[in-house]
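In what follows, a structure is listed as structure tokens, so that the remarks can point back to it.
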Amino acid sequence: DITVTHDLIDFGTGVVNTSANVCDNATLMTNGSIAENNLDNCWINASYVAGVTPPGYSAPVTVNPAGIVIRNDGNQNISLTMNSSQNTAAAFLGTSPGIGIASVYQYTVNEEEAGACPVANRHTHWADINSSEDMLLCSNMDWDDDADEINVTFRIVFAADISGFKEDILTITSAPAS
């Protein structure tokens, strides 16, 4: 059994700050500090004000939400994979040939609890998200209560002229570890 303890990522509504001369794109990441998310002030978040509780929320939100947190509640080690409803970064975020910015939609896996998924068993680098294959999250995730949680972290890069609502549905699947 797996439990997804954090299952929604919401970067809010915003725009690329094109008034800053260096901004022809924006990079957003989960679990990053605000400085990592916005090194050059290229993202203006119009939805949320840090420290303020928006309507419908029980607590203030941040401009850099947490990734997806997954816990192994079973009694054996498991293998975890993820599938996306989006085919490629270009299909998800669009392309911007006029600006020359390639869209990026990537993930990496970190341990939420030490020992949950050793480095040799998980992605420790940014990997592209696509729907053409199951993406490995962890090949041997522990079930011990003190070491059974991982965090899937995401990074998106999009050009200033991309618009519209963007959404992806990710499916997490577990199987006994081999």
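The values are calculated or read from the model by the stated rules, or taken from the named source; none is laboratory data. Model, not experiment: these values are computed from the prediction. Cβ coordinates were reconstructed from backbone atoms using ideal geometry, including for glycine residues, and neighbour counts include every protein chain displayed. The area values use the complete protein model at the heavy-atom level, side chains included, leaving out ligands, DNA and RNA. Shrake-Rupley method; radii C 1.70, N 1.55, O 1.52, S 1.80 Å.
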Share of accessible surface on carbon and sulfur in region 105-170, whole %, 1.4 Å probe and ligands ignored, is 44
Charge tally for neighbours of Asn83 with beta carbon under 11 Å away, counting Lys, Arg as +1 and Asp, Glu as -1, is -3
Note to self: with every protein chain in place and a 1.4 Å probe, region 131-178 gives an accessible area per residue in Å² of 54
Output ordering of 149-158, 119-128, 134-143, 84-93 (per-residue mean of other Cβ within 10 Å, highest first) is 149-158, 134-143, 84-93, 119-128
The local net charge around Asp128, scoring Lys/Arg +1 and Asp/Glu -1 for residues other than Asp128 whose Cβ lies under 14 Å from its Cβ, equals -2
The answer for the per residue Cα convex hull volume of region 86-178, in Å³, is 109
For the Ile169, Thr3 Cβ pair and Förster radius 30 Å, calculated FRET efficiency rounded to 0.05 is 0.95
For 1-14, 104-117, ranked highest to lowest by mean beta-carbon neighbours within 10 Å, the order is 104-117, 1-14
